[in-house]
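We did not get these values from a lab; they are worked out from the coordinates using the rules stated. Please read all numbers here as calculations on a predicted model, not as lab measurements. Positions of Cβ are backbone-derived with ideal geometry, glycine not excepted, and every protein chain shown enters the neighbour counts.
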Amino acid sequence: MDTGTLKYITEGLSQAFDLIVTFNKDVYTIVGLSIYCSSASTLIGSLFALPIGFMIGISRFRGRNSVITIFNTLMALPTTAVGLFCYAFLSRSGPLGFLGLLFTPTAIIIGEVILCFPIITAFAISVADGINPLVRDTAYTLGASRFQALRAAAGEGRVGFLCAIVSGFGRVIAEVGSAMMLGGNIRGHTRTIPTAIALETGKGEFALGMALGIILLVLALSVNIFASRLKRIGEEK
């Protein structure tokens, strides 16, 4: 690596850290929107994915393995495919165009819900499948209703279900395809961390892109550390 290249990188890193520690408005507006969209989509996705995954995991029915295979396959759903699908529905000529949701944070959330739903569901199925059936049997023996027995079983897997939620959040916080297509990467309105990094790097704004990249890495690391701690807690029980 020559001196010029090294100087370019070090100056970029120095400027990036300066943007972070001085709480640059553009940087933290982008970060705030990313966390908001990712958190909202993960919460909404979890409200549907956890009950569905739990019921599939504890049940035994014809075609169960096929259903599980489908959810496992959808975990690798391409973000651009989700963006294209949602764009077709939300565009002005699409069936939901009258709602005016395209190029709004709501459109980004819709796309991210679709992305995190199969991940949370697949993890929830795995967690529920590993819950000891004796938990429900014991609850029934003690006179519990079906709902109470299911609640007792769900309580046994609460750490695993929380890990599923964290994994879903980790999937959407760094995605760029659907956010770019559905949000339009509009400054101060729909610009998320990954879309901003792609734009600023293309414009040659290395410092801003690097600052956002550092924050994204910190967020991803925090999510992984939290998930690891949850997993360790679950193994100790």
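Taking trypsin sites (Lys or Arg not before Pro) across region 154-194, the ones in a DSSP loop with at most 14 further Cβ atoms lying within 10 angstrom of their Cβ are R187. Here's the list of aspartates and glutamates a cross-link from K7 could span, going by alpha-carbon distance under 17 Å and ignoring same-chain residues fewer than 8 apart: D18, E205. Candidates A174, F103, F89 compared by Cα position along the dipole of region 21-236: farthest toward the positive end lies F89, with charges placed on Cβ. Springs join every pair of Cα atoms under 10 Å in this Gaussian network model of the chain, and among F98, F61, F161 the largest mean-square fluctuation is at F61. This ranking places T141, T104 by how few other beta-carbon atoms lie within 10 Å of each, fewest first, which gives T141, T104.
When the chain is treated as a GNM with alpha-carbon contacts under 10 Å, the residue of G168, G143, G100 showing the greatest mean-square fluctuation is G143.
Each Lys and Arg adds +1 at its Cβ and each Asp and Glu adds -1 at its Cβ; summed about the Cα centre, region 21-236 shows a dipole of about 360 debye.
Compactness ratio for the chain: Cα radius of gyration over 2.2 N^0.38 Å (N = residue count) comes to 1.21. Per-residue Karplus couplings for region 209-219, computed as 6.51 cos²θ - 1.76 cosθ + 1.60 with θ equal to phi - 60°, are listed in order as x, 5, 4, 5, x, 5, 5, 5, 5, 5, 5 Hz, Gly and Pro entered as x. Full extension of the chain between F17 and R232 yields a length gain of 74.1 nm, computed as 0.36 nm times the residue separation minus the alpha carbon distance. Positive end of the dipole of the chain (Cβ unit charges, origin at the Cα centre): among V27, A220, A49, the Cα lying farthest that way belongs to A49. When only DSSP loop residues count, what trypsin sites (Lys or Arg not before Pro) in region 1-83 have their Cβ near at most 15 other Cβ atoms within 10 Å? Within region 1-83, the qualifying trypsin sites (Lys or Arg not before Pro) (loop, at most 15 other Cβ atoms within 10 Å) are R60, R62.
Inter-part distance, region 52-78 to region 90-119, computed on C-alpha centroids, equals 24 Å.
A simple charge model with +1 on the Cβ of Lys and Arg, -1 on the Cβ of Asp and Glu and nothing else charged puts the dipole of region 1-91 at about 700 debye relative to its Cα centre.
Whole-Hz Karplus values for region 88-93 come out as 4, 7, 9, 5, 4, 8 Hz, taken residue by residue from phi with 6.51 cos²θ - 1.76 cosθ + 1.60 and θ = phi - 60°; glycine and proline positions read x.
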